[in-house]
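There's a structure below that I have some questions on.
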Amino acid sequence: HPGLGKACHDLGLYEAFWSLAMIPVFVWLDKKPRFPGFYTACWLLSYGSIRVVLDVFRTADTRYFGVTPAQIGCLVMLAGGSAIILYNRKKKPLVTANAEHWAAQKARLASAEASGAAEHAESAEGSESAEGSE
């Protein structure tokens, strides 16, 4: 805080960095279908855990039994994220448009590789037979 005469941590900035760092993680996780509620649970666990840690550095917040109200809320978030995972982990994954896109992309690449390998083999055979006929 300006004017307090001592250094302090910008916890909001740390949370923003954490959120930005989580974007590629969520993109990576989205490469295969997941059970219903998976991303909600991941967000609850991700944000809840970093906020519990960062709130240790807050000095002006009221504390009850050594924890801030935000930490109590985040513990509820952690419990909720864990409950979603435990409840839904055996459910059939949802097939999303993005998952279908990745599956189609994978199939196209495999098909292109297979046809490229076949064309390469045919051209190699053709050049060998052309050399043999001379």
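No value in this document is a laboratory result; all are computed from the given coordinates. All figures in this text were calculated on a predicted structure; none of them were measured in a lab. Glycine also receives a Cβ, built like all others from the backbone with ideal geometry; neighbour counts cover every protein chain displayed.
Which value, to two decimals, describes the C-alpha radius of gyration of region 8-94 once divided by 2.2 N^0.38 Å?
Dividing the Cα Rg of region 8-94 by 2.2 N^0.38 Å gives 1.25.
Can you work out the Karplus-derived ³J(HN,Hα) for every residue in region 68-80? Use 6.51 cos²θ - 1.76 cosθ + 1.60 with θ = phi - 60°, whole Hz, and x for glycine or proline.
7, x, 5, 5, 4, x, 6, 5, 5, 4, 4, 5, x
Ranked from highest to lowest mean number of other Cβ atoms within 10 Å per residue, what is the order of the peptides 109-116, 50-57, 83-90?
The peptides rank, most packed first, as 50-57, 83-90, 109-116.
Next question. What ranking of PHE65, PHE38 emerges when the number of other C-beta atoms within 10 Å of each C-beta is taken as an exposure proxy, fewest first?
Placing the least packed residue first, the sequence is PHE65, PHE38.
Something else: Taking neighbour Cβ counts within 10 Å as the exposure measure, how do SER19, SER49 sort from fewest upward?
Neighbour counts put them in this order, fewest first: SER19, SER49.
Please report, in whole Å³, the volume per residue of the convex hull around the C-alpha atoms of region 1-48.
It is 64 Å³ per residue.
Could you go through region 18-25 in sequence order and give the Karplus-derived ³J(HN,Hα) for each residue, using 6.51 cos²θ - 1.76 cosθ + 1.60 with θ = phi - 60°, rounded to whole Hz, and x for Gly and Pro?
4, 4, 5, 5, 7, 4, x, 5
Would you list THR40, THR59 from fewest to most Cβ contacts within 10 Å?
Exposure proxy ranking, most exposed first: THR59, THR40.
Express in whole angstrom the spacing between the alpha-carbon centres of region 1-47 and region 49-63.
15 Å
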